[in-house]
């Protein structure tokens, strides 16, 4: 059921829905002066059109027009007019923009093509909606729970980011080693103000590295939440004169930042991934979904690990998964089956995505790959319970374990060859994404790094 131009904010008689009207009431109640109407480009960068709050009703009924020709991967100059329709359920006051003279708020929008009146196929949010629709047609609801890690760095006297962390903390450390505990506290308060339910927060393995876990939700809401999470973390870190980055590997030779992503399917209100009689408490559906993700992992990597820098994280020895396998015990595999306290919590965890990805596209790719596994009845291989990092090439070959692409160029090639994942992105985004990432990798190949200058400039 591909969604059409029906405006979910408007009732049949032309008035506003209760949800849209509640937003207008809250705007008045909280003295909101400006609205940020947010959307993302194909690279996952959050964009916004700011409008006075008194334009909210017009935004709900008619949409807000903007020039899409300047947005990465959107449209050409001759077809530039696009329209934003806000999703009323995403309204939230920005806690760091609440001043005496009025507050600011945001709503996440869907993008529509003004010429056709249809959802714009280059809108990443629409791409995820299509994946969700496919799952619904198969009878499934999808829940996601990502864990985006990030680094906090000090700024120099000009306000530019450095790679100095100001702390020497490690996994689960406390102050005084973890000097950012107060920053994490303020970030959590900000996230809670934005409607997040926070489960836990802690210092990660590397110095300056942190993780804040929030409650799972349906796939679309969760993708929205990832974008919001990154925005809040950066904004509140800046208030502390720190720079927050979701770059996967900002410091060499230490652990990089991942975005481990937990997934589960529900059918008729029951967890479709759970089977009490299975050795791993995973249903046949779960095994096939898992097999689908493994089958398409090389192509998914281009979307879930979309930068040149992503592949500096995906190397053996730094707790990042590079081998295409799954396990119920260790974290060296690409996919892990975490322990579940109750049947409703049964899920699988994809450990290879990183927080630089566009969450809408990454989730869509994972969903389509998993559903492809279900439709084809794929069987998951046996889990690997040993530490794969300790396997030599011969042993990996014996177990039939393949390796993820070693760089962005290889990942893009795998993507182009994978019909399922390319179809997940759609013709428009698939073409534009491949074009953008091919260019990024080619620019990287012709660049000369500081490492090369240090090693060779005076040697030869």
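Which of (1) in contact (Cβ under 8 Å) with a residue 60 or more places away in the chain; (2) surrounded by 18 or more Cβ atoms within 10 Å (Cβ to Cβ) does residue 189 not meet, given it meets every other one?
The one condition residue 189 does not meet is (2).
For the range 217-313, which fully contained helices (runs of 4 or more DSSP H) count at least 1 residues that are in contact with a strand residue (DSSP E or B) (Cβ under 7 Å, 6 or more places away or on another chain) and closer than 14 Å to residue 150 by Cα?
Where helices (runs of 4 or more DSSP H) fall fully within the range 217-313 and carry at least 1 residues being in contact with a strand residue (DSSP E or B) (Cβ under 7 Å, 6 or more places away or on another chain) and closer than 14 Å to residue 150 by Cα, they are 219-239.
Which residue is nearest to the chain's Cα centre (by Cα), if the candidates are limited to the range 22-52 and must be assigned to a helix (DSSP H, G or I) and under 22 Å from residue 112 (Cβ atoms)?
Across the range 22-52, the extreme among qualifying residues is 23.
Residue 61 versus (1) at pLDDT below 95; (2) in contact with a helix residue (DSSP H, G or I) (Cβ under 8 Å, 6 or more places away or on another chain); (3) more than 22 Å from residue 427 (Cα to Cα): which is the lone unmet condition?
Here residue 61 clears every test but (2).
Just to check your reading of the model, which residue among 419, 375 is more than 14 Å from residue 291 (Cβ to Cβ), in the same structural domain as residue 442 (by TED's automatic domain parsing) and out of contact with any strand residue (DSSP E or B) (no Cβ under 7 Å at 6 or more places or on another chain)?
419
Scan the range 347-360 and tell me whether some residue there is over 30 Å from residue 434 (Cα atoms), out of contact with any helix residue (DSSP H, G or I) (no Cβ under 7 Å at 6 or more places or on another chain) and in the same structural domain as residue 141 (by TED's automatic domain parsing).
Checking the range 347-360: at least one residue is over 30 Å from residue 434 (Cα atoms), out of contact with any helix residue (DSSP H, G or I) (no Cβ under 7 Å at 6 or more places or on another chain) and in the same structural domain as residue 141 (by TED's automatic domain parsing).
Taking the range 321-334, which residues are within 19 Å of residue 414 (Cα to Cα) and either touching a helix residue (DSSP H, G or I) at 6+ places or on another chain (Cβ under 8 Å) or not assigned by TED's automatic domain parsing to the domain that holds residue 147 (or both)?
323, 324, 325, 334, listed by residue number.
Can you tell me how many residues in the range 13-51 are touching a strand residue (DSSP E or B) at 6+ places or on another chain (Cβ under 8 Å) and over 25 Å from residue 233 (Cα atoms)?
4
Give me a count of the residues in the range 111-141 that are at pLDDT 95 or above and assigned to a strand (DSSP E or B).
1
So the check is Cβ under 8 Å with 6+ separation or different chains; which pairs have a first residue in the range 26-40 that's within 26 Å of residue 126 (Cα to Cα) and a second one that's part of a loop (DSSP other than H, G, I, E, B)?
Listed by first residue and then by second, the contacts come to 39/123; 40/358.
Kindly establish whether residue 98 is at negative phi, in a loop (DSSP other than H, G, I, E, B) and modelled with pLDDT under 85.
No; evaluated as a whole, the condition is false for this residue.
What residue, of 417, 440, 402, is closer than 18 Å to residue 357 by Cα, in contact with a helix residue (DSSP H, G or I) (Cβ under 9 Å, 6 or more places away or on another chain) and either surrounded by 10 or more Cβ atoms within 10 Å (Cβ to Cβ) or modelled with pLDDT of 95 or more (or both)?
It is 440.
Scan the range 317-336 and give yes if some residue there is without any contact (Cβ under 8 Å) to a residue 40 or more places away in the chain, out of contact with any strand residue (DSSP E or B) (no Cβ under 7 Å at 6 or more places or on another chain) and either surrounded by fewer than 20 Cβ atoms within 10 Å (Cβ to Cβ) or at positive phi (or both), otherwise no.
yes
The values are calculated or read from the model by the stated rules, or taken from the named source; none is laboratory data. Since this is a predicted model, take the numbers as computed values, not measurements. Reconstructed Cβ throughout: ideal geometry from the backbone, glycine too, with neighbour counts over all protein chains shown.
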